[in-house]
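First comes the structure, then the notes that go with it.
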Amino acid sequence: MQDNLQFHRPPENLPPLQPGEAQPSFSDLQQAAEWFAVLRDEDAGEAARRRWRQWLEEDGGHRAAWQRVETVNAEFGVMPEALTHRVLSQSGLRRRKAIKTLAWLAAGVTVAGGLGSSREVRDYVAALNAQYRTGVGQTSRQQLADGSILWLNTASAADAEFSDVLRRVVLHRGEIMIQTAHDNRQPARPLVVDVAAGRMQALGTRFLVRLEGNGTMLTVLEGRVMVTPSGKGTPQLVEAGSRVHFDEDRVEAPAPSDESMAAWSRQLLMPDGMRLDEFIAELGRYRRGYLGCAPEVASLRLVGVYPLNDIDRILNTLEATLPVKVRRILPWWVTVEAAAPDRHPE
């Protein structure tokens, strides 16, 4: 099949999506994926391309949806031109490392709209060269030099840097869980986890740290953890059975946590009354491409144990147990939608 990337690009005279402009709805995303499927067909003619351009120009939500589809497509071998140029042009990157960075991005790292700043590029490069890494759908268990155990969730990257005075783990991407070990050094060295939003110091504990788009989520399963934001935020002690979200300037109020949040370390998801849209968003972290949930079924609730080693089997189970259907517009664009009215699970 020929490369249709050129006519997938928006027309040159189409204004770019502006900050604050309409974000794509589920319906817009579905239409964009359907147009992508049409245009990648060798038999797509000029009439289809003309209708696509007309749809694209109707509003900003359509443009944003198309950008999202192209971004997901880029994970499967064709990197966006602007992203390629940005990575290759960053000062301090040798050509070999830059090429390696692009290869790593194309291998399955989700690029949410491209790299928009030099800090984001540095984050990608740091993750690329991290001591411990996992790809999409992979998890890993590592024993650190002091005997502590480090688990990495899907698409994660971290470094462990031990000195005479400090045991330090740096999380660059994704999510980790740490089971701390007693330090045999005298005096004992503190164990800390550093992220852009701040530092977490373990106080004899097992805890999870997850990077999110707007900060960091800390979940304490055993012991206690002291959180110190990197900005003006006040340090806060987080007890076992609690989780907190924090950014550089504040630590939010704690919420309850439980062992199910660490189930991924055993290759499981264990929703307990979780909304379907939240479950699908979590499941999507373990699968390359886009996995979406239609608004009309988003509030359905799930319980159970779902093995992460077969995502398609989980999707089939959802179809068998809930009034939903799984729709595959493209191999890498899958959505969970309402089943036909006359269809009910056995």
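Please treat every number below as a calculation from the coordinates, not as lab data. Predicted model, so just to flag it, every value in this text is computed and none were measured. Neighbour counts are summed over all protein chains in view; Cβ atoms, including those assigned to glycine, are modelled from backbone coordinates with ideal geometry.
A few comments on the model shown:
- FRET efficiency estimate (nearest 0.05) - Cβ-Cβ, E46 to R122, R0 35 angstrom: 0.20
- Remark on R224: its backbone amide H falls under 5 Å from those of L203, a criterion applied only to residues 5 or more positions apart or on other chains, H modelled at 1.01 Å from N.
- Along the stretch 279-293 the Karplus relation, 6.51 cos²θ - 1.76 cosθ + 1.60 evaluated at θ = phi - 60°, assigns HN-Hα couplings of 5, 5, 4, 5, 4, x, 5, 9, 9, 5, x, 9, 10, x, 10 Hz to successive residues, with x for each Gly and Pro.
- Karplus-based coupling profile of the stretch 228-236, in residue order and whole Hz: 10, x, 6, x, 9, x, 7, x, 9, with θ = phi - 60° in 6.51 cos²θ - 1.76 cosθ + 1.60 and x standing for Gly or Pro.
- J(HN,Hα) series, the stretch 212-219, from Karplus relation 6.51 cos²θ - 1.76 cosθ + 1.60, nearest Hz, glycine and proline x: 10, x, 10, x, 9, 10, 10, 10
- Close amide H partners of Q138, meaning residues 5 or more places away or on another chain with modelled amide H under 5 Å apart, are A155.
- Around the amide H of C293, modelled in the peptide plane, lie the amide H atoms of V336, all under 5 Å away and 5 or more residues distant in sequence or on another chain.
- Translational diffusion of the stretch 200-346, µm² s⁻¹ [Kirkwood Rh, Cα pairs; Stokes-Einstein; 37 °C; 0.692 mPa s]: 192 µm²/s
- C-alpha center-to-center spacing [the stretch 126-183, the stretch 265-286] in angstrom: 22 Å
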